[in-house]
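Q: One structure coming up, written as structure tokens, with questions to follow.
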Amino acid sequence: MAEQYPSDSELLALTQDGETGCEYIATGQAPYYLEFRQLVSRLLLAAKRANDLRAYDAGGLNIGVRAGAFLDGSTLRSTGGVDPQGLTDDTTNTVYLTADGTLTISTSGYPAQTATPHLRLATVVCASGDITSITDDRGGHLWCLPSLPLSGGSLTGGLTLDGATDELGSATVADAAALTSTEVTTADADATYGTEERDLINEIKADYNLLRADVSALRTTVNTLLTELRKTAGCGVLSG
């Protein structure tokens, strides 16, 4: 079933929209040029943010992008608009901004956010030297599940924090294996080592394995913290 309008009587009784402040032109108003311009002016004010970073047909195989801004984690990025850029004919083009605000056009679809953090703008179909359709993809960034910021990272099983460049800092910590190298584990039986050397090697081995246990505990703690961050962090507009 098609979406329904309010009844005729309800529509005719309206005088002003409470949220936007737009005023309805009164029935029988003549002339209504001024009232119509007032209505359009108020509608444009209400819709102006919807124009941010909007991709538009610039003629032929060219597309432009309106000015706008977006949040990359806690960093505000902005662009003053992008001059018309050429598209590839007879195929589908995806148009997006990378985290530094660079406009990118691809014929291979959108990249993975984990590999190339980006803001999706539009999917554009071209044929016979012209743009045949523009699908606005910005809506995919309006609502999303809680996640880490765009430039944040995720912790994998090897205790490697990939790509964390925001408040979390940057780190790579390997999950250390137990110290069981042949040179050390056979030291006790090796006649070339004296008693003091063997004792020292065993002390080093014990200290190392204690450190390894501490690192393992740290991994568990950081994983827990990241889980909580994912539950509580906002979308940050680029977590598409």
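The values are calculated or read from the model by the stated rules, or taken from the named source; none is laboratory data. Bear in mind the structure is a predicted one, so any value in this text is a computation, not a measurement. As a convention, Cβ positions derive from the backbone with ideal geometry for all residues, glycine included, and neighbour counts pool all protein chains shown.
Q: Applying the selection to region 197-240, what residues are farther than 30 Å from THR116 by Cβ, at pLDDT below 75 and acidic (Asp, Glu)?
A: Listed by number, the residues that qualify are GLU197, ASP199.
Q: Continuing with this model, one more query. Any idea which of ALA50, ALA26, ALA2, ALA30 is closer than 30 Å to ASN93 by Cα and not in a strand (DSSP E or B)?
A: None of the other options fit; the residue is ALA50.
Yes/no per residue for (1) without any contact (Cβ under 8 Å) to a residue 60 or more places away in the chain; (2) of a type in the set (Lys, Arg):
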position	(1), (2)
GLN4	yes, no
ALA26	yes, no
ARG66	yes, yes
ASP72	no, no
GLY86	yes, no
VAL95	yes, no
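Q: Another question about this same structure. Pick out the one residue from TYR32, TYR56 that is out of contact with any Pro (no Cβ under 8 Å at 6 or more places or on another chain), surrounded by 11 or more Cβ atoms within 10 Å (Cβ to Cβ) and over 28 Å from ASP136 (Cβ atoms).
A: Going through TYR32, TYR56 in turn, the sole match is TYR32.
Q: For region 50-77, which positions are more than 20 Å from the chain's Cα centre (by Cα) and charged (D, E, K, R)?
A: Within region 50-77, ASP57 is the sole residue that qualifies.
Q: Going through region 25-50 one residue at a time, which ones are more than 24 Å from ALA13 (Cβ to Cβ) and among the hydrophobic types (A, V, I, L, M, F, W, C)?
A: Residues satisfying the conditions are LEU44, LEU45, ALA47, ALA50.
Q: Give just the number: which of (1) at positive phi; (2) within 21 Å of the chain's Cα centre (by Cα) does GLY28 not satisfy?
A: (2)
Q: Another question about this same structure. Suppose we filter region 12-22 for residues that are outside any loop (DSSP other than H, G, I, E, B) and in contact with a Phe, Trp or Tyr (Cβ under 7 Å, 6 or more places away or on another chain); how many remain?
A: Looking only at that region, the number is 1.
Q: Go through region 78-104 and give me each residue that's within 17 Å of the chain's Cα centre (by Cα) and in a strand (DSSP E or B).
A: Residues satisfying the conditions are SER78, THR79, THR94, VAL95, TYR96, LEU97, THR98, LEU103, THR104.
Q: Can you find a residue that is in a loop (DSSP other than H, G, I, E, B) and either modelled with pLDDT under 95 or out of contact with any strand residue (DSSP E or B) (no Cβ under 6 Å at 6 or more places or on another chain) (or both) anywhere in region 34-45?
A: no
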